[in-house]
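Working notes, beginning with the structure itself.
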Amino acid sequence: MHEPQAQPFPAPRPPSAAGFTLRVPSEEDALHWHRVFAHPDVMEFHGGTPAELSVYQELTARQRRHHAEHGFCMYSMIGTGAGGEEAGTVLGFTGAQPWPRDWGPVGEIEIGWRLGRAHWGKGYATQAARAALEAVRAAGVRSVVAMVASGNERSIAVTRRLGMQHVETFRTPSGQEGFCFRLEL
């Protein structure tokens, strides 16, 4: 199977940044997300074990619907070759979506990011989140939240670089402690 090439999608289009571009996830991206996130370090704060392919198939389909309905979604991050990554490689995702659960910040727009382990430490998460925030702003969203597990120092650092403020400490239904951060747009 070949790596998909980044394709343009309707405005508002998140800008590209050094080393990657963002696009609405394709059906094929479910397989790429499944592969790139199948690492214990990546899944440490997302259930601990890799998700089944069907989870990513549903997630990518939901993101295409979100983009059609809201003008933003969780975008696939595609390497351009400029940051040392192979052009066309799926690095992970970033973007925003309506909070999908019946606990936590119900009714809010959540921003999030997840990168394959090989792509950590290059500044991609923060750059990509900033690019995704532009699409969210352009869609008229006034604020976003980020839900982060309390031990996930890398994601907490991204929220700080984005200028987000800690607004709540919470417990998931499974008892895990986490933080809710907010950013007014």
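The values are calculated or read from the model by the stated rules, or taken from the named source; none is laboratory data. Bear in mind the structure is a predicted one, so any value in this text is a computation, not a measurement. Because the Cβ atoms are built from the backbone with ideal geometry, glycine has one as well, and the counts that use them run over all protein chains shown. Surface areas here come from the heavy atoms of the whole protein model, side chains and all, with no ligands, DNA or RNA. Shrake-Rupley method; radii C 1.70, N 1.55, O 1.52, S 1.80 Å.
Calculated mean residue ellipticity, 222 nm, the chain: -9000 deg cm²/dmol, from DSSP H runs (n ≥ 4) at -39500 (n - 2.57) each, averaged per residue and rounded to 500.
Calculated on the Cα set of segment 27-78, radius of gyration then Dmax: 11.6, 33 Å.
In the chain, the DSSP beta bridges split such that about 95 percent are antiparallel, to the nearest 5.
Think of each Lys and Arg Cβ as +1 and each Asp and Glu Cβ as -1; about the Cα centre, that makes the dipole of the chain roughly 440 debye. Magnitude of the charge dipole for segment 76-185, about its Cα centre and with charges confined to Cβ atoms of Lys, Arg (+1) and Asp, Glu (-1), is about 160 debye. Across the chain, Cα-Cα distances exceeding 27 Å account for 20% of all pairs. Within the assembled protein chains, the solvent-accessible surface assigned to Asp41 is about 60 Å², based on a 1.4 Å probe. Stretching Arg142 away from Glu177 to a fully extended chain increases their span by 9.9 nm, per 0.36 nm per residue minus the current alpha-carbon distance. For Glu27, the accessible surface of its heavy atoms amounts to roughly 150 Å² (probe 1.4 Å, protein chains only, rounded to the nearest 10). Which percent of the accessible area of the chain is formed by carbon and sulfur heavy atoms (probe 1.4 angstrom)? Within the chain, the accessible surface is 50 percent carbon and sulfur. Measuring gaps between exposed loop sites in the chain (trypsin sites (Lys or Arg not before Pro); DSSP loop; at most 13 other Cβ atoms within 10 Å), the longest gap, sites not included, is 1-100.
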